[in-house]
1. Select from region 8-34 the residues that are on the phi > 0 side of the Ramachandran plot, surrounded by 12 or more Cβ atoms within 10 Å (Cβ to Cβ) and at pLDDT 85 or above and list them in ascending order.
2. Kindly provide the set of residues from region 39-60 that are in contact with a strand residue (DSSP E or B) (Cβ under 6 Å, 6 or more places away or on another chain) and of a type in the set (A, V, I, L, M), ordered by number.
3. Out of the residues in region 76-112 that are modelled with pLDDT of 90 or more and in a loop (DSSP other than H, G, I, E, B), which is farthest from residue 44 (Cα to Cα)?
4. Could you give me the residue pairs with C-beta distances under 6 Å whose first residue belongs to region 186-207 and is within 19 Å of residue 68 (Cβ to Cβ), whose second residue is in a helix (DSSP H, G or I) wherever it lies, and which are 6+ apart or on separate chains?
5. Would you check which residues across region 167-208 are surrounded by 12 or more Cβ atoms within 10 Å (Cβ to Cβ), outside any strand (DSSP E or B) and among the hydroxyl-bearing types (Ser, Thr, Tyr) and list them?
Amino acid sequence: MKKLLVLLFSLFFLSSPSVFAENLSDFEIEGMSIGDSLLDYMTEDEILKNIERTKDYYLNLKEPYKYAQIDLNKGLGTYDWITFLVKNNSTNEYITNKNELFTILYIDGFISFIEKFDGCIVKRDEVAEILSKMFPNVDKSEITDDWGVDPSGESIVDTIEFAFASGAEIEVKCINIEETYRIKKNWTEGLRVGIYPKNIIEWMNNFK
């Protein structure tokens, strides 16, 4: 019986996504991860006010109201703010469990590095090293490209991407905005760490 229990435990352990380190929820941003209830970190009133404020952010998509965006910029440690996506209240009225309704489906953390691109790259590489150890079997690539929001083409994004077999991705990127354009727009620049399940990627890429 003892040998059988050891064998069953071993099979369970080896089949656990955490062992193969390919479970997105293994990676946390400020202690938060995919699958958590946002109610553990914000009140329902704070969440609903956020949803109302951001409700028209995705009008360029074919299903702009499928998910709702919430931003958190207080009570954090390393990150300046964190963005979440949850199911949209208006399209999921049949859901009565509030924890399910406010389950984190996407999480993106930002750290400001104004005119400190080298410092951003150092921090990005630190995060990427942690991810490399957590997800040793996941495809990893580095991509440097123009930041499409800036029409001048002088702003760049330097990304390290972890692409999972499931179609999910984790991206660690430094955004370096051309200074004149950044000041004109009153924008910030720096490090973004995003955890993207496959369904969120497909939704974000489904333009009108």
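1. Passing the criteria: only 30.
2. Passing the criteria: 47, 51.
3. Ranking the qualifying residues of region 76-112, first place goes to 78.
4. Here the result reads 195/24, each pair linking region 186-207 to a residue that is in a helix (DSSP H, G or I).
5. 181, 188
The values are calculated or read from the model by the stated rules, or taken from the named source; none is laboratory data. Because the structure is a prediction, the values reported are computed rather than measured. In this analysis, Cβ positions are derived from the backbone assuming ideal geometry, glycine residues included, and neighbour counts consider all displayed protein chains.
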